[in-house]
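Comments concern the structure below.
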Amino acid sequence: MTATLLLSSTTAPAQARRYLSLWLPHWSTDRWRLSRKASAREAVTHAPEMPVVAISTDAGRRLICAANESAMRQGFTPGLSLADALARRPDLQHFPANPLDDGHALQRLAAWALRFTPLVMSDNPNGLLLDITGCAHLWQGEAGLRQDMHDRLRRHGYACRIGIADTIGAAWAAARFAEMAPIMPIAGQRKALAALPVDALRIDLATAEALRRLGLRRIGDLYPLPRASIASRFGRLLLGRLDQALGDVSEAFAAAFAPPPHRVSQIFAEPIGTAEDLHRSLEMLAERLAMQLTEGGLGARRVKFSCYRLDHQVSEIGIGLSLPSDKASHLIDLLARKIEQLDPGPGVETTMLSAGKVEALRQSQTVLEAGSSGDHSIGDDTALAGLIDRLGNRLGAGKVYRLVPVASHLPERAVARTAPIRRGGAPAWPHIVTAASGSWRPLRLLDHPEAIEDVMAPVPDDPPLQFRWRHVLHRVRAAAGPERITWEWWRSIDEHTTPARNSPSAHASRDYYRVENETGQRFWLYRAGLYRPEQPVRWFLHGLFA
Amino acid sequence: MQNVTPSPRRDKLARLRQELGGRLAGITLPARQTVPATTQTATLVSATVLALGLPLIDAHLGGGLARGAVHEIAGGGCDTELATAPAFFASQILLQHAHLRAIWIAATADLYGSGLQAMSVDPSRLLLVESRQDAESLWALEEAARSGAVPLVIGEIDSLDLTASRRLQLAAEDKNCTILLLRRSRLMGKSDKHRQPSAATTRWLITPQPSHPTADTTRPGLGLPCWHLHLWRQRNGPPAAWDITLRQDQHWQQISPEPQRQTAMAANDDSHAFTLQHHGTSAG
């Protein structure tokens, strides 16, 4: 008795996985047809049997690169030139292929497929791979899952083939070549693959052709051959593919979306769509998520509320938190402010709340600066973190910030924005530079230096006597300077964003002057470049002193 | 305090304090050279007021700017669009109270960190918020004041009606948060928006004044900057005006010895900025 148990546990280890391969044989043509259907109502009557092909241009030749079922049946297969195809059928529908768009759409489909399993990867150019280990029971078995996925895609007009097996290679083969028995039993891929053509091994056409010429038509024909001779004859790739399909060699699975470690979801019998329903769902999920986080002593830094819609779209809202939090009320408060941004479309069937980034909850905070003394006026750190979250989530990321110094002597580069709360604190500001060292800096610095006109200077090297800025003429009463600031020669010119990048003075040095007008207002001006008699002198206003 | 709940930990702490006090008694701390004694007295922490660090003005205000209240600062002259002088006012408050953390909310993010640093204000004390328009700034101001996270909130606002200013005043009272409103016009040139009625406790106008070249400046031709500081409205107090300048150590100081009494009529005068300017030159 014990012996059998031991045996079964070794032959079927816990790591045994099940993979699902989804193949969309007419992905780009289906997408094209559906987009036309969406854009023009009349196109609904457009018979699905019309042959349609996608065209790619290769060295001036226009070749068919994808075709729908009807076109395939009529012999318009990928690789045929469009001219030949049009000669045979002048009314052949064709459109330029857009592999980039198809890839993006595939990514979106992959996001949708997260409803089946958290581990999804796109299998370019027209398929998906899902790791469905331990997920199938939710659909009463793998057949149920396969049927559900098939029906959902079919209903929206996508042709699809789905295969399930123990290995990625076998699932791939099952989807594309085993229409009769697309689900390979556990540990049964060796037997099931034997009857499939060698093309099912994910090898290139030339290798498949070479195998066929030798009479090796089926994968089973390769089993009795000595491995060394296969390797020497067809290269290591074929052997590798065979081993991967049989499960003798493991294959990496790179999930497109790292599964969030903490997530809770809710599936509805009837689709929901109103903001109130979504809010209620959010509240329930937040309570559950908070409980999960509290148990682990964790707090969420980023939380996403995703609504899986009936039409394969995912609508989501996300919030960021400046400090990890496991308070349901805080999460609800922040997310509820964004709930109007959700588009439920035809209805939401599943909602999911996931914490994309979690950190250990810290009991005390020491990262906020200037909080050294126990003075009552310091304020409350948790209150500050909550405030930062509320401000940041309404105004947008990066709108709540602190200033950090940058080691650059260019005024516009000397200060950068940083996150309001950072671990370990921000770099300290170097010690005060003031009048004593001769470098004054204005309290206001314009985003881009503004050109000033009507500049009158007695000598080109002198500060101006008058200038016009924003249509107002200022007469200079007193001036000080110059302070010469040159470009950072170790950076390429392109990295500098200047008011007039293409002007000859863009990357020259600047001579800064502090000037005071008649009313006492002080400006920070500079003259671009060194004085050259043949070039007009250009002046800019860069900042204002108090 | 120590007698409320006697515990071994408290006793130990008290012992350590005593010991430390004994050791410190023998040491005289070197006086900080950059901050003269006058400023140190001004930075004394008070729960009710924020001292400006200008003794006469603080005396006039009854100690300084009231905490838990709204104070409005507008810039005079050609500075209404960038509000540099009001920003200078706010940074002087920060300079006087080195322990204060503050939130600075503005629709135009042109406050320059190195400029603050040159004023001896550590920019890392500030949390900056960039809003898109006045409505958002007001919302952020209220959120910040009501959160109780910081004791000082500074906001750059173009237009503000009485209702909005009352809301802010209530928010300020809620958690004893001081709000400094820097009036900043979106339009260049003369704007009298800062004259709209408001519930602010004090309302200031700060106007740059021509400087006086002094012999000892290292940069001949440009003396230390001067301002005319006009408190034109104060709840429960008379208006007044002073001339101030900047010391070498970046702290402001007063020029004229006596507060120049001004009547409230200046508040209704259209050519106000001009008269003040004129007044400033003759006084200096």
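The values are calculated or read from the model by the stated rules, or taken from the named source; none is laboratory data. Only a predicted model underlies this, so the values are computations on that prediction, with no experimental measurement involved. Positions of Cβ are generated from backbone atoms using ideal geometry, with glycine treated the same way; all protein chains shown enter the neighbour counts.
Those residues that are touching a helix residue (DSSP H, G or I) at 6+ places or on another chain (Cβ under 8 Å) and within 11 Å of A:Leu20 (Cα to Cα), I need them from region A:171-190; list them, please. Passing the criteria: A:Trp172, A:Ala173, A:Ala174, A:Pro182, A:Ile183, A:Met184. Selection of region B:170-194 for residues being modelled with pLDDT of 80 or more and part of a helix (DSSP H, G or I) yields B:Leu170, B:Ala171, B:Ala172, B:Glu173, B:Asp174.
Which members of region A:390-404 meet the condition of being out of contact with any helix residue (DSSP H, G or I) (no Cβ under 6 Å at 6 or more places or on another chain) and either part of a loop (DSSP other than H, G, I, E, B) or more than 7 Å from every other protein chain (Cβ to nearest Cβ) (or both)? Within region A:390-404, A:Gly392, A:Arg394, A:Gly396, A:Ala397, A:Gly398, A:Lys399, A:Val404 meet the criteria.
In the set (1) modelled with pLDDT under 70; (2) under 30 Å from A:Ala171 (Cα atoms), A:Trp27 fails one condition alone, (1). In summary, A:Gly157 fulfils each of the numbered conditions (1) surrounded by 15 or more Cβ atoms within 10 Å (Cβ to Cβ); (2) in contact with a helix residue (DSSP H, G or I) (Cβ under 9 Å, 6 or more places away or on another chain) with the single exception of condition (1).
Checking each residue of region A:494-511 against the condition of being touching a His at 6+ places or on another chain (Cβ under 9 Å), within 22 Å of A:Tyr531 (Cβ to Cβ) and modelled with pLDDT of 75 or more gives at least one match.
Within region A:222-250, the set of residues being loosely packed, with under 15 Cβ neighbours inside 10 Å and in contact with a Gly (Cβ under 8 Å, 6 or more places away or on another chain) comprises just one member, A:Val249.
Would a scan of region B:166-174 turn up a residue that is away from chain A (no Cβ under 11 Å), small (Gly, Ala, Ser), over 19 Å from B:His99 (Cα atoms) and buried (at least 23 other Cβ atoms within 10 Å of the Cβ)? Lay out the reasoning, then the answer.
Going residue by residue through region B:166-174, those that are away from chain A (no Cβ under 11 Å) are B:166-174.
Now narrow it down to the ones that are small (Gly, Ala, Ser): B:171-172.
If we keep only those that are over 19 Å from B:His99 (Cα atoms) as well, we get B:171-172.
Among the residues that remain, those that are also buried (at least 23 other Cβ atoms within 10 Å of the Cβ) are: B:172.
Yes, some residue in region B:166-174 is away from chain A (no Cβ under 11 Å), small (Gly, Ala, Ser), over 19 Å from B:His99 (Cα atoms) and buried (at least 23 other Cβ atoms within 10 Å of the Cβ).
The set of residues from region A:448-472 being among the aliphatic types (A, V, I, L, M), closer than 19 Å to A:Glu516 by Cβ, more than 46 Å from the chain's Cα centre (by Cα) and away from every other protein chain (no Cβ under 12 Å) comprises A:Val455, A:Met456, A:Ala457, A:Leu465. Filter region A:213-228 down to the residues that are closer than 15 Å to A:Arg241 by Cβ and among the charged types (D, E, K, R) and list them by number. The answer is A:Arg218, A:Asp221, A:Arg227.
The one condition from (1) part of a helix (DSSP H, G or I); (2) at the interface with another protein chain (Cβ under 8 Å from one of its Cβ atoms); (3) crowded, with 24+ Cβ neighbours inside 10 Å that B:Ala149 does not meet is (1). Do any residues in region A:138-159 that are under 17 Å from A:Glu179 (Cα atoms) have Cβ atoms under 6 Å from those of residues that are aliphatic (A, V, I, L, M) and in a helix (DSSP H, G or I), where the two are at least six apart or on different chains, and which pairs are they? Close Cβ pairs (under 6 Å, with a partner that is aliphatic (A, V, I, L, M) and in a helix (DSSP H, G or I)) amount to A:Glu142/A:Ala136; A:Leu145/A:Ala136.
The residues in region B:117-137 that are more than 7 Å from chain A (Cβ to nearest Cβ), touching a helix residue (DSSP H, G or I) at 6+ places or on another chain (Cβ under 6 Å) and not in a loop (DSSP other than H, G, I, E, B) can be counted, and the count is 0. Here is a list of conditions, (1) at the interface with chain B (Cβ under 9 Å from one of its Cβ atoms); (2) under 30 Å from A:Pro533 (Cα atoms); (3) modelled with pLDDT of 80 or more, and A:Ser439 meets all of them except one; can you say which number that is? In the conditions (1) at the interface with chain B (Cβ under 9 Å from one of its Cβ atoms); (2) under 30 Å from A:Pro533 (Cα atoms); (3) modelled with pLDDT of 80 or more, A:Ser439 misses (3) alone. Looking across region A:100-134, just one residue is among the aromatic types (Phe, Trp, Tyr) and surrounded by fewer than 20 Cβ atoms within 10 Å (Cβ to Cβ), and that is A:Trp112. A count restricted to region B:46-77 and to residues that are more than 25 Å from B:Arg166 (Cβ to Cβ), out of contact with any Gly (no Cβ under 8 Å at 6 or more places or on another chain) and within 14 Å of chain A (Cβ to nearest Cβ) stands at 1. Evaluation of A:Ala269 against the conditions (1) touching a Pro at 6+ places or on another chain (Cβ under 7 Å); (2) free of Cβ contacts under 8 Å to residues at least 40 places away in the same chain shows that the sole unmet condition is (1).
Of all residues assigned to region A:479-488, at least one qualifies as being of a type in the set (Gly, Ala, Ser), modelled with pLDDT of 85 or more and more than 46 Å from the chain's Cα centre (by Cα).
Only one of the listed residues (A:Glu69, A:Glu142) is buried (at least 20 other Cβ atoms within 10 Å of the Cβ) and charged (D, E, K, R). That residue is A:Glu142. Within this structure, A:Thr207 fails the test of being closer than 23 Å to A:Ala254 by Cα and among the hydroxyl-bearing types (Ser, Thr, Tyr).
Taking region A:161-201 only, how many residues are of a type outside the set (Gly, Ala, Ser) and without any contact (Cβ under 8 Å) to a residue 40 or more places away in the chain? I'd like the intermediate steps shown before the answer.
In the first step, residues of region A:161-201 are kept if they are of a type outside the set (Gly, Ala, Ser); the result is A:161-162, A:164, A:166-168, A:172, A:176-177, A:179-180, A:182-186, A:189-191, A:193, A:196-199, A:201.
When the remaining residues are screened for being without any contact (Cβ under 8 Å) to a residue 40 or more places away in the chain, the result is A:177, A:179-180, A:182, A:184-185, A:191, A:196-199.
So the answer is 11.
Being out of contact with any strand residue (DSSP E or B) (no Cβ under 8 Å at 6 or more places or on another chain), more than 8 Å from every other protein chain (Cβ to nearest Cβ) and either under 14 Å from A:Arg402 (Cβ atoms) or outside any helix (DSSP H, G or I) (or both), is that true of even one residue in region B:101-112? Lay out the reasoning, then the answer.
Going through region B:101-112, the residues out of contact with any strand residue (DSSP E or B) (no Cβ under 8 Å at 6 or more places or on another chain) turn out to be none.
Scanning region B:101-112 turns up no residue that is out of contact with any strand residue (DSSP E or B) (no Cβ under 8 Å at 6 or more places or on another chain), more than 8 Å from every other protein chain (Cβ to nearest Cβ) and either under 14 Å from A:Arg402 (Cβ atoms) or outside any helix (DSSP H, G or I) (or both).
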